[in-house]
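Just so it is clear, none of the values below were taken in a lab; they were calculated from the coordinates. From a predicted model like this one, the values you see are computed outputs, not experimental measurements. Because the Cβ atoms are built from the backbone with ideal geometry, glycine has one as well, and the counts that use them run over all protein chains shown.
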Amino acid sequence: MKRTAKDIMKLIQEQDIKMVDFKIVDINGQFRHVTIPASQFTEDTMKNGIGFDASNYGYAVVEKSDMVFIPDLDTALIDPYCDIPTLSITGNAMVIDYPENRPLDQYPRNIVLAAEQYMKDCDVADTMLILPEFEFHMFDEAGWSVEPDAIGFSVDCEQAYWNSANQGLGCVVPHQKNYHVAKPFDRTYECRSEMCLELEKMGIEIKYHHPEVGAAGQFEIEPMLGQMSKMADNTMMIKYVIHNTALKHGKVATFMPKPVYGEAGNGMHVHMLLLKDGEPVFSDDEGYSHLSKTAHYFMGGLLKHIASLCALTNPSTNSFKRLVPGFEAPVTVGYATSNRSAVIRIPAYAKSPKLRRFELRNPDATCNPYFCYAALLMAGLDGIKNQIDPHECGWGPYDMNLYHLPEEEKAKLSSLPTRLEDALDALEADHDYLTAGGVFPEHLIKNYIARKRQECFEMSKIPHPAEFDKYFNL
């Protein structure tokens, strides 16, 4: 049963809530917020919303930029990081119109809801379940400078191998050997356990947490499968909890894809499957890896559009420093079972028909999760609609380690874009699958590309410290 304003006002009274915080998502997928005293929260708040300027959130609106934020009361939860008792609520952005407001078609939450509706209209499925894996680093110190006389960054982590001479206790992790290390080498166990407990209090089920490969404080938290639009909301909250809990423990967390040179980077592998009337759409005992033709067509759509998808799933220049061979990062356009070197991996352990699925391994958590998940669904639906068979297209299955192929065989494979600029070129040329059904507005895609191109241009003007090493004395 959906919550009403009366339910929220009762909660405010029972929990002695002093402030109500409305969390709004900008075009980059970051939270912004507006807070009102709890005494001002009324049923009119639900109807009239909270005003904000959409242009300051990155949206290039064709109408006037003044919008209203309408809270979704089902997202209400007590914020554990506020000293003053605060109720946090997310929701949807609306265009001020008469006689009724209408959804802002560029707003991320509205797009993911539109993608789910398009899936139902296509009569392929009624539910998409996804499971994103959240890889991140926690550092004891992090700083950077981009000044005319000083350009560089520094990070530190007490368990990192470079502290073997300084640490004094000998509890350091060798290079690239952090995967599942136990105490005393795992220094942030309690911090991560607290993250998971806070998330479970919020109704976000957690599968597990563990140290990842990178020795300089790389970790992973993995939730349970969840409905796509709900998981997009949960993604925002998972990142919020990780950042704030780390800070509480005197650490700093980052989802930056490649914060440490020479170590594994942070991805956000996305597992996905479809259901119709509660039954699995992707399962077939006779199919390759027990996946149905529909599942293969869905994979075909992802692989066909993978270059343009990278503009949304890997939207930072740093993203492409992770997508290189040798660090368990995917670089090859293809699919296979239990193969971490292909873009699409089918987990062999998912044996139950209702859990049979695949994961897309290239995304990272610098993405706007609403754009990312909606785009993955739209690409997959395009594959189903056009019956794009990944095997017939020459995309696998690649049941071998692609990193170890001879160079002449590697030359025959297709690879992911190597720069954000290339991914943006691909998105500019290939986005009809996103605009199908009006899910992604054309003006949003144009605005997004323009903003990202400007970002690439600004980054290209900055001298890199490694350039001093290469060129200073020539």
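Brief remarks on what is shown
- Each residue of the range 363-371 was assigned a 3J(HN,Hα) from its phi angle through the Karplus curve 6.51 cos²θ - 1.76 cosθ + 1.60 (θ = phi - 60°); the sequence is x, 9, 7, 7, 6, 7, x, 5, 5 Hz, with glycine and proline shown as x.
- Cα gyration tensor, the range 204-254 - rounded (a/c under 1.5), prolate or oblate: oblate
- Neighbourhood charge, 13 Å Cβ-Cβ cut-off, centred on LEU416 and excluding it, Lys, Arg +1 and Asp, Glu -1: +2
- Each of HIS464, HIS249 was scored by other Cβ atoms within 10 Å of its Cβ. Arranged with the fewest first, they read HIS464, HIS249.
- Under 13 Å, Cβ to Cβ, from ASP26 - net charge with Lys/Arg +1 and Asp/Glu -1: +3
- Put simply, the Cα atoms of the chain extend 66, 58, 47 Å along their principal axes, the longest span coming first.
- Vicinal HN-Hα couplings computed from phi for the range 109-125 (Karplus, 6.51 cos²θ - 1.76 cosθ + 1.60; Hz; Gly/Pro x): 5, 5, 5, 5, 5, 5, 5, 5, 5, 4, 4, 5, 5, 6, 6, 8, 7
- Cα centroid of the range 214-267 to Cα centroid of the range 448-473, whole Å: 26 Å
- Distant-in-sequence amide H partners of LYS276 (H built 1.01 Å from N, under 5 Å): ASP126, VAL281
- Cβ-defined net charge surrounding ALA216, 9 Å radius [Lys, Arg +1; Asp, Glu -1]: -2
- The 3J(HN,Hα) values that the Karplus relation (6.51, -1.76, 1.60; θ = phi - 60°) gives for the range 288-295 are, in residue order, 4, 6, 6, 10, 6, 4, 4, 4 Hz. Gly and Pro appear as x.
- Using just its DSSP H runs of length 4 or more, each adding -39500 (n - 2.57), the chain gives a mean residue ellipticity at 222 nm of -9500 deg cm²/dmol after division by all residues.
- DSSP-loop trypsin sites (Lys or Arg not before Pro) across the range 76-177, with at most 16 other Cβ within 10 angstrom: LYS177
- Listed residue pairs exceeding 23 Å between alpha carbons, taken from LYS258/LYS452; LYS412/LYS461; LYS276/LYS351; LYS120/LYS452; LYS412/LYS470; LYS177/LYS410: LYS412/LYS461; LYS120/LYS452; LYS412/LYS470; LYS177/LYS410
- The amide H of HIS33, built 1.01 Å from its N in the peptide plane, has ILE24 as neighbours under 5 Å, considering only residues 5 or more places off or on other chains.
- Isolated Cys in the chain, by beta carbon distance under 4.7 Å: CYS82, CYS122, CYS157, CYS171, CYS191, CYS196, CYS310, CYS393, CYS456
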